[in-house]
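Step one of this worksheet: look at the structure below.
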Amino acid sequence: MTMVVHSDGPAREFLSGNEAVARGAWEMGVEFAAAYPGTPSTEILETLARLPGVYAEWSTNEKVAIEAALGASMTGRRAITSMKHVGLNVASDTLMTMGLVGVKAGLVIAVSDDVGFSSSQNEQDSRFWGRFVHLPVLEPADAAEAYAMTRDAIVLSERHEVPVLLRLTTRVSHVKRTVTTGARAQPDPRRHAYEKDAKRWIMTPDHVGRRLELRAQRDAALAEAAAQSDWNVITPGSDRRLGFIVSGPACHAVREAFPGAPTLKLGFSYPLPVAKAKEFASLCEEILIVEEVEPIVETELRAAGLKVNGKNALPLQGEISVPVLQRAVGKLQANEAVQRTAPMANVFPRPPTLCAGCPYMGVYFWLGQLKEAIICGDIGCYTLGCGEPWNAIDTTISMGASLSVAHGMAKALEADSKAKPMLAVIGDSTFLHTGMPALANLAYQGTNVTVLLLDNRSTAMTGGQNNPGNGRRLDGSPAPRVNFAKLVEALGVRRERIRVVDPYELPTFFKVLREEMKAPEPSVILTTRPCVLTEDFERRQPLKVDDDKCNGCARCLDVGCPAITVRRRERQVRSTGKVVDLAWVRIERAMCTGCDVCAQACARGAIAP
Ligand code: SF4
Ligand code: SF4
């Protein structure tokens with residue numbers, strides 16, 4: 001994605017929510033930004049990294065990022081950390097204690113929930129963290145609010161010495177609109193100082209009690225701030241039969257579908273302004289709470305004694321669009337006309353697939369044929385190995401889980417004489433994120449798992465960000481490069497069981513795979529080809545199919561390369577009575593990277609330069 005963000009203001013700019021968060025943070029004098037890439041939040045850091053006066057880094061995981069931002073705040077530098085919803089789970093150990101120690105200079109945690117789970121292993125509602133950690137939650141509805149709320153979040157954070165949770169969703173993060181931006185307020189050097197304060201920054205048990213008391217005082221002050229906030233707005237409306245209490249981007253669906261309805265729009269949604277909600281409820285005959293994803297506001301208002309509707313009418317998952325809302329209101333009012341007003345659009349399904357020449361294709365070409373093995377997958381482009389034509393993966397749970405799940409399965413099945421060989425597949429960035437402790441444990445426990453560590457020198461799934469495995473920092477400057485073979489050995493895998501192979505060499509890769517699967521101990525196969533979208537990748541001459549040699553056997557389709565397309569299909573009945581489906585193919589030369597994997601898969605020698 002190409003983004004242009006002007007570094008001086010004021011101006012009218014067309015920004016996504018992620019760009020707007022970055023812009024708002026920058027204008028407030030934020031000097032430090034750390035993140036781990038993850039859809040839908042990635043562009044926040046990428047935008048900040050292009051603005052002057054900000055130190056920005058891709059950290060190795062979200063816990064590292066949030067701790068780095070806390071450290072910067074302790075020294076008086078305003079800071080931001082950004083992540084997707086599951087990233088905040090990784091950061092949560094530190095987050096919980098941050099709720100106690102608080103911050104010095106303003107610190108914003110921008111977390112983007114993948115509502116609708118377009119690119120995640122689950123759907124979560126990060127507003128719960130506000131309740132759990134005692135942090136204020138701001139919920140922008142679009143890019144303009146994301147910009148303004150980020151600015152306010154810094155002020156709120158400093159006033160109450162608390163990190164502020166800016167809860168975005170996929171729609172807010174990615175949809176663009178015009179935003180009126182301003183100039184950067186230069187960082188105030190009077191803030192810049194680290195003060196030793198053991199009772200605050202050292203969270204030993206004898207200091208916790210005092211911080212809990214202070215947190216309770218802060219809760220009360222934040223509740224008052226939310227009650228007075230201009231971000232929580234009542235619009236009286238003209239049709240009082242049904243009023244909406246709404247937060248996040250769903251407010252646009254409410255405005256579009258029911259323009260005359262009263263609304264209480266919650267922007268500063270935690271602590272929940274209960275008195276204002278009661279005042280609003282007194283204006284309406286009936287109330288519908290419209291929130292993505294969980295019934296959080298609904299539950300709290302019910303507990304406060306209000307009679308409200310919510311997830312009894314609305315779905316517990318996905319975005320709340322105009323048709324979804326209309327159906328819910330129609331159901332609530334038993335009004336079929338309202339339910340029928342907006343049919344859902346049908347979009348042709350486009351399942352994701354690997355890129356032409358992706359180094360994972362050769363790996364999955366073989367793994368897809370290992371019907372006698374259990375293969376635990378992980379989070380990255382290689383998750384796509386679960387789909388056609390490979391169907392190679394048995395599990396995908398969370399970042400780094402491939403190794404530990406495989407370890408647990410292998411240990412549990414150890415005494416089973418019919419146990420299948422156990423494999424785990426993980427990429428370089430995910431390995432550095434949370435895979436290393438799992439491999440150390442696996443090696444320590446001596447578990448018989450064959451680990452495929454696919455080093456493509458990139459955090460590829462989120463757009464090809466640099467990481468410690470490719471020797472480049474976020475700004476492209478050279479950095480020490482992790483030596484994965486040495487790292488794996490240092491974690492406890494015997495040197496003899498660490499095999500470095502080229503995934504483009506199909507026969508060699510298969511031979512090594514069989515050997516390591518037979519080895520009765522932990523082993524690691526390290527693949528070395530870079531992602532085709534990185535600067536390290538070298539494109540070769542494209543290949544083509546010799547139609548005279550091709551017999552339509554379709555084996556090359558098992559490679560799964562999108563550059564190979566079928567030009568003709570035919571079902572034939574052999575003399576034995578066997579029915580075979582044949583497919584004659586061609587190669588889209590503009591897409592072909594010349595990796596040669598399909599040529600090695602073709603027994604007829606029909607594919608060549
Ligand atoms: S594997 Fe070779 S012979 Fe079979 S369809 Fe592909 S190009 Fe044709
Ligand atoms: S050589 Fe074959 S597998 Fe490789 S990119 Fe070209 S068509 Fe795809």
- Note on the structure: Residues of the range 468-490 being open to solvent by less than 20 Å² (accessible area, probe 1.4 Å) and modelled with pLDDT of 95 or more, in sequence order, are F484, V488
- Filter pass, T47 being under 24 Å from A141 (Cα atoms), assigned by TED's automatic domain parsing to the domain that holds F117 and polar (S, T, N, Q): yes
- Query: Can you tell me which of P522, P562 is assigned by TED's automatic domain parsing to the domain that holds K411 and either away from ligand 1 (no atom under 14 Å from the Cβ) or under 30 Å from G469 (Cα atoms) (or both)?
  - Reply: P522
- Message: Among the residues of the range 525-544, are any touching a strand residue (DSSP E or B) at 6+ places or on another chain (Cβ under 8 Å), open to solvent by 70 Å² or more (accessible area, probe 1.4 Å) and not polar (S, T, N, Q)?
- Response: yes
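Condition check ((1) closer than 24 Å to V512 by Cβ; (2) in a loop (DSSP other than H, G, I, E, B); (3) out of contact with any Cys (no Cβ under 6 Å at 6 or more places or on another chain); (4) of a type in the set (S, T, N, Q)) across all residues:
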residue	(1), (2), (3), (4)
E388	no, yes, yes, no
M399	no, yes, yes, no
L403	yes, no, yes, no
A406	yes, no, no, no
A419	yes, yes, yes, no
T434	no, no, yes, yes
P437	no, no, yes, no
L452	yes, no, yes, no
N467	no, yes, yes, yes
- Item | Every residue from the range 567-594 that is within 13 Å of ligand 2 (Cβ to nearest atom) and surrounded by 13 or more Cβ atoms within 10 Å (Cβ to Cβ) | V585, R586, I587, E588, M591, C592, T593, G594
- Among the residues of the range 81-103, the number that are closer than 23 Å to A193 by Cα, touching a residue at least 60 places away in the same chain (Cβ under 8 Å) and not in a helix (DSSP H, G or I) is 2
- Query: In this structure, does I379 turn out to be open to solvent by 10 Å² or more (accessible area, probe 1.4 Å), in contact with a strand residue (DSSP E or B) (Cβ under 6 Å, 6 or more places away or on another chain) and either free of Cβ contacts under 8 Å to residues at least 12 places away in the same chain or of a type in the set (A, V, I, L, M) (or both)?
  - Reply: no
- Item | Every pair of residues 6+ apart whose Cβ atoms lie under 6 Å, when the first sits in the range 578-600 and is in the same structural domain as P562 (by TED's automatic domain parsing) and more than 15 Å from ligand 1 (Cβ to nearest atom) while the second is open to solvent by 10 Å² or more (accessible area, probe 1.4 Å) and not in a loop (DSSP other than H, G, I, E, B) | V579/V573
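Out of everything in the range 527-555 that is within 11 Å of ligand 2 (Cβ to nearest atom) and of a type in the set (V, I, T), what residue ends up being modelled with the lowest pLDDT? Talk me through it step by step, then tell me what you get.
Just the residues of the range 527-555 that are within 11 Å of ligand 2 (Cβ to nearest atom), to begin with: 532, 539-545.
Filter once more, keeping what is of a type in the set (V, I, T): 532, 545.
Values: V532: 95, V545: 98.
The residue in question is V532.
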- Message: Name the residue that is most open to solvent (accessible area, probe 1.4 Å), counting only residues in the range 406-454 that are of a type in the set (D, E, K, R) and more than 21 Å from E489 (Cα to Cα).
- Response: K418
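The values are calculated or read from the model by the stated rules, or taken from the named source; none is laboratory data. Owing to the predicted nature of the structure, the values given are computational and were not obtained by experimental measurement. Every residue, glycine as well, gets a Cβ built from its backbone with ideal geometry; the counts of neighbours run over all protein chains shown. Side chains are part of the model used for accessible areas, which takes the heavy atoms of the whole protein and leaves out ligands, DNA and RNA. Shrake-Rupley method; radii C 1.70, N 1.55, O 1.52, S 1.80 Å.
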